[in-house]
Amino acid sequence: MNNCESEEIVEAANIAISNLLPTKSRSLYDIAYNRFKKWCAEKNVQVYSENVLLAYFSENAKNYKSSTLWAQYSMVKSCLIIYDNIDISKFPKLIAFLKRTGDGYQAKKSKILTKSEIDRFLSSADDKEFLMIKVGLILGIAGACRTDELVNLTVDDIEDVGSSLIVKIQTLRQRFHESFVVTDVGNMFELFRKYLSLRPPHVKHRRLFLYYKAGKCSSQPVGKNTMGKIPSVVASYLKLPDVACYTGHCLRRSSATLLADAGVDITTIKRHAGWKSTTVAEGYVENSIENKTKNC
C-alpha cells in the first residue's frame, strides 16, 4: 500500500475494481482467466509476455473458431488489466494472429421467414397450440426484437390504444428504452388480446410471455431458450427445409429484410433495429428473391 493512501481509499478502490467486470457474465470472464492461468502454471510461465499469449491462443486455435478466440481474448484481456495490470491489447503480433484466424471464415446466418410464410402461419396454425408462438412472432418481427428483449417484455411495456399497440422494449445493454408500434393487420390485435386475456389472475410477476399449452397459460414465464425456438417452431409447422437454421436471430433478420423488400432505405432500417453501422444492418438483410425481383 502506498504510504499516501489510507486503508479506506485502498478498500474503496478494491471495491471499484471488483465491479469492473460485467455482472451477468462475470463468471465467464473468471473461467476464461483461470483457464489461462492454469495453462501458464502447467507451462511454468512466470511473465505474461506477447510470446506467451501467442502460444496460448495458437494452441486454442486448433479447437476453436475465430469468433470464439476473439471472445476468449476479450475476457482474458479484461481480467489481465484488472487483476495483473497488464494490457495485452498492445501486443501487435497477437492481434495480427487473431485476425488471421478469421481469414476465409464466414459466419452462418439464420434463415428468414418471408411475408407469405408469416401470414400462412398466423392464419392456419391452431391457436390452441400456437397462440403464444404467434404473439411472439408478431412482436418479434414488428420490433426486430432480440430474444432477450422478448423474454423481458412485461404487460406494462405494451399500451393498447385501440388502433395500434405501442411497445416499449429495454435494449440488450439495458441502457435505454426504445419503442415500436404494431398496427392491426389481419387478426394481430385479436391474437394479442386473446393471449393477454388468458393470463391467470394469481400471477405475481409482470412478464408478458407465459408458458402456454392446450389453450391455457400457466404462471411460469417463458425462458430464453423457448423464446429463441419460435422461428424454428414456425418453420417446422410450415414444413420448411433446414428447420435448425431458423435461429433466434431469424426475427431480426426477417424484420430487416421485410423492410428492405418494401423499399425502405437503409437509414430507416438502421433506426428501426437500433444499428449504428450500415455494414451490420446490411448483413442482417437477406438478399431475397422478392428483393431481386423488385430491383430487376
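The values are calculated or read from the model by the stated rules, or taken from the named source; none is laboratory data. Bear in mind that the values here come from a model prediction, so they are computed numbers and not experimental data. Cβ: placed from backbone, ideal geometry, glycine included. Neighbour counts: every protein chain shown. To get the accessible areas, we keep the full protein, side chains included, count just its heavy atoms, and leave off ligands, DNA and RNA. Shrake-Rupley method; radii C 1.70, N 1.55, O 1.52, S 1.80 Å.
Residue count for segment 1-59, restricted to those that are outside any helix (DSSP H, G or I), exposed (fewer than 14 other Cβ atoms within 10 Å of the Cβ), on the phi < 0 side of the Ramachandran plot and at pLDDT 85 or above: 4.
The rows are residues; the columns are (1) in a helix (DSSP H, G or I); (2) open to solvent by 20 Å² or more (accessible area, probe 1.4 Å); (3) of a type in the set (Gly, Ala, Ser).
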position: PRO241; (1), (2), (3): no, yes, no
position: ARG252; (1), (2), (3): yes, no, no
position: ALA256; (1), (2), (3): yes, no, yes
position: LEU259; (1), (2), (3): yes, yes, no
position: VAL264; (1), (2), (3): no, yes, no
position: ILE269; (1), (2), (3): yes, no, no
position: LYS276; (1), (2), (3): no, yes, no
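In segment 176-192, the qualifying residues are those that are surrounded by 14 or more Cβ atoms within 10 Å (Cβ to Cβ) and without any contact (Cβ under 8 Å) to a residue 60 or more places away in the chain, and the one that is nearest to the chain's Cα centre (by Cα) is VAL182. When SER67 is tested against (1) farther than 30 Å from LEU137 by Cβ; (2) part of a helix (DSSP H, G or I); (3) open to solvent by less than 60 Å² (accessible area, probe 1.4 Å), only condition (1) is not met. Only one of the numbered conditions (1) among the polar types (S, T, N, Q); (2) surrounded by 10 or more Cβ atoms within 10 Å (Cβ to Cβ); (3) modelled with pLDDT under 90 is not met by SER74, and that is (3). Scanning segment 198-229 for residues that are open to solvent by 50 Å² or more (accessible area, probe 1.4 Å) and either polar (S, T, N, Q) or assigned to a helix (DSSP H, G or I) (or both) turns up SER219, GLN220, LYS224, ASN225.
Mind checking whether some residue in segment 218-230 is among the charged types (D, E, K, R), under 18 Å from the mean Cα position of the chain (by Cα) and at pLDDT 90 or above?
Scanning segment 218-230 turns up at least one residue that is among the charged types (D, E, K, R), under 18 Å from the mean Cα position of the chain (by Cα) and at pLDDT 90 or above.
Does TYR73 qualify as being under 23 Å from GLY102 (Cβ atoms), in contact with a Phe, Trp or Tyr (Cβ under 9 Å, 6 or more places away or on another chain) and aromatic (Phe, Trp, Tyr)? Judged against the criteria, TYR73 is a match.
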